[in-house]
Amino acid sequence: MNPFEMVVLIVLLSLVAGVANNYIKNRGSMGGESTDELQSRLAQLDSLEERVRTLEKIVTDRNFELREKFRDL
């Protein structure tokens, strides 16, 4: 291996190590944000599920059907 190839190899290894180091640092910081975002979305999902349950109760109520029939007449 001549000196030119060795210099190129050292530079490439340094670049790969720098990219890997930045990836590892950023991956750790993104994990905290995604957890907060996940908790927010889960809370929103719970809220939407409760709204759907309420709407199902209203729509399946017999009095609601009767009122709708009277209104249609």
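Observations
- Among the residues of the stretch 2-35, those identified as among the small types (Gly, Ala, Ser) and modelled with pLDDT of 85 or more are 14, 17, 18, 20.
- Scan of the stretch 59-69 for residues that are surrounded by 10 or more Cβ atoms within 10 Å (Cβ to Cβ) and not basic (Lys, Arg), ordered by number: 59, 61, 64, 65, 66, 68
The values are calculated or read from the model by the stated rules, or taken from the named source; none is laboratory data. Predicted, not measured: the structure shown is a model, and the values here were computed from it. Cβ: placed from backbone, ideal geometry, glycine included. Neighbour counts: every protein chain shown.
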